[in-house]
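In what follows, a structure is listed as structure tokens, so that the remarks can point back to it.
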Amino acid sequence: MMSDVKIFVIDEADRMLDMGFIPDVEKIASLLPPLRQTMLFSATMPPEIKRLAEQFLMNPKLISVSPPASPAETVEQRKLLCQPRDKRKALLQIMRGQDITNAIVFCNRKRDVDLLLKALIGHGVNAAALHGDMVQFKRMETLDRFKKGEVQILVASDVAARGLDIPTVGHVFNFDVPYHPDDYIHRIGRTGRAGRSGKSYTLVTDDDAKSIAAIERLIKRDIPTMTLEGVKESVPNAAVDAAANDDEQPARRRRESRRP
């Protein structure tokens, strides 16, 4: 019986409506009384998703507490250009150079979460995994141990990028550059919360040039580049900048390669 429901809340609205949950949301909405308050919450709301969401709203009001798709100013951001084979070495080297109370390391794929976890544990790191293939009670148990300080490093997929409110997370490491620029905002938003300072580090390989350029266009700033002794850079900054140009770049390179 949902006839008395007065408030309908959709959290992480952009992802909910962008991941194929629209039929489910529509079904729930159809069971609710038409006179109700519907609230959509999200750290990012792309225009196309915003237009899609309007079908659930009547006389909507927009409340924004910060510029769209903007990382918190309390987060110090860095990127490291490295070879794929050096990523684990680079991650460990950065970690050992930091005073880490706790941190989240993000991977793009669930299988890479398990592989990286095994490697970190092999180097004596107190770490645990969190991803969507884990059963719910196991995810909750792992999160509880992380909150209590029993786990120092949480190796996670993007399941931990949203809805995870642990104000004391000091560091975020992007072992993989996220496929979608918005996900970068959500990931590094796990640190620097509640007025605290935080640090984020992103490992960038040759294949990530376009992705990191898209992120920098979104946040309207260049992420400062750092270097590590013994870690060879993957791409010069010029290559990353070139990836930010229009889509004609690959075609132009093909035309130039055919010239005598």
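Per-residue answers, yes or no, for (1) farther than 19 Å from Leu91 by Cβ; (2) of a type in the set (A, V, I, L, M):
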| site | (1), (2) |
| --- | --- |
| Phe173 | no, no |
| Gly195 | yes, no |
| Lys199 | no, no |
| Arg221 | yes, no |
| Val231 | no, yes |
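In this entry, Pro224 passes the filter for residues that are in contact (Cβ under 8 Å) with a residue 24 or more places away in the chain and surrounded by fewer than 20 Cβ atoms within 10 Å (Cβ to Cβ). Might you check whether a residue that is in contact with a Phe, Trp or Tyr (Cβ under 8 Å, 6 or more places away or on another chain) and either modelled with pLDDT under 95 or charged (D, E, K, R) (or both) occurs anywhere in the range 115-123? No, the conditions are met nowhere in the range 115-123. Figure legend. Inter-residue proximity from the range 175-203: first residues closer than 16 Å to Ser157 by Cβ, second residues β-branched (Val, Ile, Thr) and modelled with pLDDT under 90, beta-carbon distance below 8 Å, spacing 6+ or different chains. Indicated pairs: Asp182/Thr44; His186/Thr44; Arg190/Ile166.
Within the range 118-136, the set of residues being open to solvent by 30 Å² or more (accessible area, probe 1.4 Å) and part of a helix (DSSP H, G or I) comprises Lys118, Ile121, Gly122, Gln136. Taking first residues from the range 98-116 that are within 15 Å of Thr202 (Cβ to Cβ) and part of a loop (DSSP other than H, G, I, E, B) and partners that are open to solvent by less than 20 Å² (accessible area, probe 1.4 Å) and aliphatic (A, V, I, L, M), the Cβ contacts under 9 Å between residues at least 6 apart in sequence or on separate chains come to Cys107/Val113; Cys107/Leu116; Cys107/Val155; Cys107/Ala156; Asn108/Val177. Val105 passes every criterion in (1) farther than 23 Å from Ser157 by Cβ; (2) touching a strand residue (DSSP E or B) at 6+ places or on another chain (Cβ under 8 Å); (3) surrounded by 15 or more Cβ atoms within 10 Å (Cβ to Cβ) apart from (1).
I'd like to verify a number: residues in the range 72-102 that are among the small types (Gly, Ala, Ser), in contact with a helix residue (DSSP H, G or I) (Cβ under 9 Å, 6 or more places away or on another chain) and surrounded by fewer than 15 Cβ atoms within 10 Å (Cβ to Cβ), how many?
Step one: list which residues in the range 72-102 are among the small types (Gly, Ala, Ser), which gives 72, 90, 97.
Restricting the remaining residues to those that are in contact with a helix residue (DSSP H, G or I) (Cβ under 9 Å, 6 or more places away or on another chain) gives 72.
Imposing the further condition that a residue be surrounded by fewer than 15 Cβ atoms within 10 Å (Cβ to Cβ) reduces the set to none.
Residues meeting the conditions: 0.
Within the range 165-184, is there a residue that is in a helix (DSSP H, G or I) and either open to solvent by 50 Å² or more (accessible area, probe 1.4 Å) or hydrophobic (A, V, I, L, M, F, W, C) (or both)? Let's see the steps before the verdict.
Filtering the range 165-184 for residues in a helix (DSSP H, G or I) gives 181-184.
Filter again for either open to solvent by 50 Å² or more (accessible area, probe 1.4 Å) or hydrophobic (A, V, I, L, M, F, W, C) (or both), leaving none.
Checked the range 165-184: no residue is in a helix (DSSP H, G or I) and either open to solvent by 50 Å² or more (accessible area, probe 1.4 Å) or hydrophobic (A, V, I, L, M, F, W, C) (or both).
Going by what's in this entry, would Val151 be described as at negative phi, over 18 Å from the mean Cα position of the chain (by Cα) and open to solvent by less than 10 Å² (accessible area, probe 1.4 Å)?
When the stated conditions are applied, Val151 passes them.
The values are calculated or read from the model by the stated rules, or taken from the named source; none is laboratory data. The model shown is predicted, which means the values in this text are computed figures rather than measured ones. Please note: Cβ atoms are built from the backbone with ideal geometry, for glycine as well, and neighbour counts cover all protein chains shown. The accessibility values were calculated without ligands, DNA or RNA, using every heavy atom of the protein model including side chains. Shrake-Rupley method; radii C 1.70, N 1.55, O 1.52, S 1.80 Å.
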